[in-house]
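Q: Encoded as structure tokens, here's the structure I'll be asking about.
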């Protein structure tokens, strides 16, 4: 069984659908308040994948994800001065996975876990206010960068998902960083137009992101984050055009596109776990 | 050396896009006609906390600044060269500052030391630098009309060359914690009334006399002496009575005895309480019929914060809709956000508490946002109210993680004084928490009173009484409340967990009237309470005891906890960072007993407090308004008319508003406000599933048609009810109680918002007519609930929606909103409005009558007309049953209800989802062409049926379905009548007219960005 840890609390608000996604993908999902992790009642190391859901952590008052990232980086838990970021670095070094959606993606970027070209976990890019200046809920089409190699996106070519954010515009400060991202294919998801090509045209690209980029991985492919919400498209009936599509194709699957990402990573971890040691015994957090 | 006050300024690095600054420049040009030149925005933080220079620098650069975006300046407030003037937007003392609080959180984390987050150490501000050297008056206009609200913001403006004036609030330092005694004995009637007005008690003479008599009674005197209270009432006691007896809390006019005369028929009758006669009794009758048929899903009505119905053996659906009009008139953003958050607290604190919020809806009534006339003193521009309210809903819903799935915006100039802001919230609650029925509120003497969530300040003092009077230019600043969605989110997460662990006995929300209201009402269950006010945590010192008790500071719940569970619930609160304070206990001695530092500040007989208010006797007189049908020129080509209607204020697209609300967080929204491949087909009702394990869900609709009330308030109310019902039928819902034990719950909230309807020969000469309208609205409500067998479960009335200034009164038209929810057995069977496939056959379901009165069509000509649409409940019900049967057989491919703009507008809207057109032939009837196209007759649908299902469909529907034509691939809408083409338009053109309407334009969304 694959074990997914989903953080919540302090304004995070997409934890339920995140957990539902893992359950539908055949994994066990545990929702845990961030303080339970910070205070040592739950260890991330008992899980296979650490998840940062969307929402408005700490109200996004200082910029999306900033206060939460700050807490993970600086708050020392226990007498040894260890931070949760120290644990996350260890978690990744152990070959495990980290996934952030929307506000969770913003946290990973502001922490420097994405794109992490340098490997020293310092912020290299940022996510800020949409070019439109407004929060928007609308559906977009994403194209997977064929150069990228993260197991989350294996076998996926395009993907329809909703965006729901006000601060999703990726800003890359310099040409060198941009070149490094592109050459490694870390810009794993691109906003696409009707023809499937990358686009900077609003509203297909809803926020004006650099490289028309909707999501990033780190060089290992173990850390993945994106602005749009695959966990909001678990059922075909979430899509705004579901009724017409089902009329055209009544036999189509009732699963939503978004579920593919979860099935991918769960299958990948399950396979990895069968060839390595069995998973450690779990604390029951329900 | 440590310095205790520091300033951190963040500016964008050169070359970074300054969207905020750009928007200010654009808005100044567009709305105020002022040329600012370039505008640069900067964030300022004032830190009043001892920090070394290194700590300050680390905090600024590592926590506050984004290394990619920002330059940091420490302890200097300066401007880059090239900017002549500035505007500083700070907050007034005591105003909620979430950004400052978050910064404090960050500071505590980087210092790795505990830092009391409830004391404000960091104050956030915004600084705008303007290129042009504008005079101070222009800067003030930009500051006050675009950037801040004088009631909550401190605004500094000036020339950069003169130095930028900073401002940091110093809250507190107000009154000492003393309690005054106010003697009522010997006061004349005029003096009693004057006292009520001066202290914003909002009590009338008779009520003031009742209060005086209570305190003068020998029995009261004896009790007070024994308890150590002064002979005369304390300020706290009068405030408690005023709050408890406020119209807002006591619904005195809905409970009044009304003498009603119909001057048309000569009929006279006495109505013994509108609420009892038309709402409570009507629902009891519906419940009787439901139960007789094995439908026993009505669990809790009218008696709690929200109504509750059973979804299935394991869970309840909880539903509440409220208004927040007065606060939104003076501070639109704050009024709307506290409206949303406050309404969220109702289902959250129903029964034991801890329901899981499922969705929000909102319905808004505004004046024309393109108003160009002179505003009255204290009146905000309707555009500003719209934008502020919209932003409040965005933050209130989005930041709480509750999807806004449905809503409406109605424009009418009579809402320019007070807007109407209706907020609705649906939630799901397990039938039991830890073995106890979740919907019950049980309290025993000895149970502890726990305040949970935010702290108490001067915000919102007198909200309950203030909303019970008409607004004028002297509206008090303390009536404004600022919401903090993040504070409430933490409290909400806590409440859900505490309930599931069995730690709560019950709970209620702190809304209007604050602790006075919440504790006062809960004490009614056990029979009394003792409150120790000095324990209540304050945002800042300087509140008097009565202020602490009635303050409406937001994001608070009152919890009832058994003494043995205190340790566990306190630990959970600490873990989840929610402040819990034990402020007293419940008793059964019949008194509400309030103390401060051991000294009594109030002791009131519960029976007097809750039942002592004198009953009102009101007069109502109905005269039918004189109205006539206008002569409107008959056309042969109505294409232009249709385009005009689609672009009109009340019909045009609201996409720019809708998309700024998150309508799909939680991943359960199945029918959203806009659907189709284009994402631009408007839908009639939302459909939301309850969870990921089953396909059960709920349909949500809103019915509101205030303009019909100018012709007949009865028909307006009946039509609004029918509109909400037919919207649910359109998306595939079914009427309740059709078959024994079918379990199809319906839960409806009524919300009446009317102008002052109490007759006064001088100040309200048409009060009797206004009250008669209210009576007629209620009569229609009773008839509708009986006809459809649909119960009301909760509701609200807001009685004084008038704005008075400069000798002018702006009164809202009598308005009622019916907010409906109905169970959907399988959300996959939901029907959306847009055409699905070419060659599907288009039908009009229901009957069209000569009913253009009050229509949007007449409105194009500035006419009202006379023939207001009427509801034939029996026919409507028969049709709705047949539509339900057709849906059972999967015969309907699309269904759209006919409302504003009639058949023509519905036809256009159903093409917006994909690009299909339609080829339509109107039947030969007695009705004029304009009537067929634009009449707004109720209980009608535009439906499509696949060619292979036509026979079965026509057999089922019979003459209730009129075949109009078919869906086409060519993207052309063609309507013919009597051999002539009467409408011919490309559907892309129609959609562009709709999307480029005034609402999207006003909010700055251009056509190129919307149509694709």
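Q: Considering only region B:192-278, give the helices (runs of 4 or more DSSP H) lying wholly within it that have at least 3 residues that are closer than 25 Å to residue B:766 by Cα.
A: Correct list: B:205-216, B:247-250.
Q: Then there is this: Could you please let me know if residue B:552 is in a loop (DSSP other than H, G, I, E, B) and either modelled with pLDDT under 90 or within 14 Å of another protein chain (Cβ to nearest Cβ) (or both)?
A: Here the answer is yes, as residue B:552 does meet what is asked.
Q: Condition first: over 20 Å from residue B:197 (Cβ atoms) and surrounded by 13 or more Cβ atoms within 10 Å (Cβ to Cβ). Now tell me which residues in region B:218-241 satisfy that.
A: Of everything in region B:218-241, those that are over 20 Å from residue B:197 (Cβ atoms) and surrounded by 13 or more Cβ atoms within 10 Å (Cβ to Cβ) turn out to be B:220, B:221, B:223, B:224, B:229, B:230, B:231.
Q: Which strands (runs of 3 or more DSSP E) does region B:81-183 wholly contain that include 1 or more residues that are closer than 30 Å to residue B:533 by Cβ and within 14 Å of chain A (Cβ to nearest Cβ)?
A: Per the criteria, B:85-91, B:122-130.
Q: Answer with yes or no whether residue B:742 is at pLDDT below 95, surrounded by fewer than 24 Cβ atoms within 10 Å (Cβ to Cβ) and either out of contact with any strand residue (DSSP E or B) (no Cβ under 7 Å at 6 or more places or on another chain) or more than 18 Å from residue B:883 (Cβ to Cβ) (or both).
A: Yes; evaluated as a whole, the condition is true for this residue.
Q: Among the residues of region A:241-284, count how many are within 16 Å of residue A:2 (Cβ to Cβ) and either at pLDDT 95 or above or surrounded by 10 or more Cβ atoms within 10 Å (Cβ to Cβ) (or both).
A: Selection size over region A:241-284: 18.
Q: Select from region B:672-693 the residues that are more than 10 Å from chain A (Cβ to nearest Cβ), over 27 Å from residue A:22 (Cα atoms) and not in a loop (DSSP other than H, G, I, E, B) and list them in ascending order.
A: B:682
Q: Would region B:780-800 turn up any residue that is modelled with pLDDT under 95, under 21 Å from the mean Cα position of the chain (by Cα) and more than 30 Å from residue B:428 (Cβ to Cβ)?
A: Within region B:780-800 (the criterion being modelled with pLDDT under 95, under 21 Å from the mean Cα position of the chain (by Cα) and more than 30 Å from residue B:428 (Cβ to Cβ)), the answer is yes, since at least one residue qualifies.
Q: Kindly indicate which of B:151, B:134, B:184 is crowded, with 19+ Cβ neighbours inside 10 Å and out of contact with any strand residue (DSSP E or B) (no Cβ under 9 Å at 6 or more places or on another chain).
A: Checking each option against the conditions leaves just B:184.
Q: Testing residue A:102 on (1) more than 17 Å from residue B:109 (Cβ to Cβ); (2) free of Cβ contacts under 8 Å to residues at least 40 places away in the same chain, one condition comes back false. Which one is that?
A: Evaluating residue A:102 over (1) more than 17 Å from residue B:109 (Cβ to Cβ); (2) free of Cβ contacts under 8 Å to residues at least 40 places away in the same chain leaves (2) as the failure.
Q: Quick check, is residue B:342 closer than 22 Å to residue B:664 by Cα and crowded, with 24+ Cβ neighbours inside 10 Å?
A: Yes; evaluated as a whole, the condition is true for this residue.
Q: Considering B:136, B:99, which residue is in the same structural domain as residue B:36 (by TED's automatic domain parsing) and under 20 Å from residue B:20 (Cβ atoms)?
A: B:99
Q: Another question, then. Considering only region B:571-671, give the strands (runs of 3 or more DSSP E) lying wholly within it that have at least 2 residues that are under 30 Å from residue B:715 (Cβ atoms), more than 14 Å from chain A (Cβ to nearest Cβ) and modelled with pLDDT of 95 or more.
A: Per the criteria, B:617-622.
Q: What do you reckon, is residue B:901 under 30 Å from residue B:971 (Cβ atoms) and either more than 14 Å from chain A (Cβ to nearest Cβ) or under 31 Å from the mean Cα position of the chain (by Cα) (or both)?
A: It is true that residue B:901 is under 30 Å from residue B:971 (Cβ atoms) and either more than 14 Å from chain A (Cβ to nearest Cβ) or under 31 Å from the mean Cα position of the chain (by Cα) (or both).
Q: Filter region B:675-689 down to the residues that are farther than 30 Å from residue B:852 by Cβ and crowded, with 24+ Cβ neighbours inside 10 Å and list them by number.
A: Within region B:675-689, B:687, B:688, B:689 qualify.
Q: Turning to a different aspect of this structure: Within region B:469-514, take every residue that is in a helix (DSSP H, G or I) and away from chain A (no Cβ under 14 Å) and give me the one that is modelled with the highest pLDDT.
A: Taking the candidates together, the pick is B:499.
Q: Any idea how many residues of region B:745-771 are touching a residue at least 60 places away in the same chain (Cβ under 8 Å), surrounded by fewer than 21 Cβ atoms within 10 Å (Cβ to Cβ) and in a loop (DSSP other than H, G, I, E, B)?
A: Result for region B:745-771: 2.
Q: In region B:710-721, is there at least one residue being in a loop (DSSP other than H, G, I, E, B), surrounded by fewer than 24 Cβ atoms within 10 Å (Cβ to Cβ) and within 14 Å of chain A (Cβ to nearest Cβ)?
A: no
Q: Can you find a residue in region B:690-701 that is crowded, with 22+ Cβ neighbours inside 10 Å and more than 24 Å from the chain's Cα centre (by Cα)?
A: No, because not a single residue in region B:690-701 is crowded, with 22+ Cβ neighbours inside 10 Å and more than 24 Å from the chain's Cα centre (by Cα).
Q: Checking residue A:64 against (1) more than 8 Å from chain B (Cβ to nearest Cβ); (2) modelled with pLDDT of 95 or more, only one condition comes out false. Which one?
A: The one condition residue A:64 does not meet is (2).
Q: Sticking with this structure for a sec: From the list A:101, A:117, pick out the single residue that is under 23 Å from residue B:65 (Cα atoms) and surrounded by fewer than 21 Cβ atoms within 10 Å (Cβ to Cβ).
A: Of A:101, A:117, the one residue that is under 23 Å from residue B:65 (Cα atoms) and surrounded by fewer than 21 Cβ atoms within 10 Å (Cβ to Cβ) is A:117.
Q: In the list A:169, A:134, which residue meets the criterion of being in contact with a strand residue (DSSP E or B) (Cβ under 7 Å, 6 or more places away or on another chain), crowded, with 16+ Cβ neighbours inside 10 Å and in contact (Cβ under 8 Å) with a residue 24 or more places away in the chain?
A: Matching residue, one of A:169, A:134: A:169.
Q: Tell me the strands (runs of 3 or more DSSP E) entirely within region A:127-223 that contain at least 2 residues that are over 30 Å from residue B:676 (Cβ atoms) and within 14 Å of chain B (Cβ to nearest Cβ).
A: Per the criteria, no element qualifies.
Q: If we keep just the residues of region A:20-60 that are part of a helix (DSSP H, G or I) and more than 14 Å from chain B (Cβ to nearest Cβ), which is nearest to residue B:572 (Cα to Cα)?
A: Residue satisfying both the conditions and the ranking: A:44.
Q: Which of the residues that make up region B:830-879 are surrounded by fewer than 23 Cβ atoms within 10 Å (Cβ to Cβ), within 27 Å of residue B:967 (Cβ to Cβ) and under 30 Å from the mean Cα position of the chain (by Cα)?
A: B:856
Q: Of the residues A:80, A:120, A:86, only one is more than 15 Å from the chain's Cα centre (by Cα), part of a helix (DSSP H, G or I) and more than 8 Å from chain B (Cβ to nearest Cβ); which?
A: Checking each option against the conditions leaves just A:86.
The values are calculated or read from the model by the stated rules, or taken from the named source; none is laboratory data. Just so it is clear, the model here is predicted, and its values are computed rather than measured. Reconstructed Cβ throughout: ideal geometry from the backbone, glycine too, with neighbour counts over all protein chains shown.
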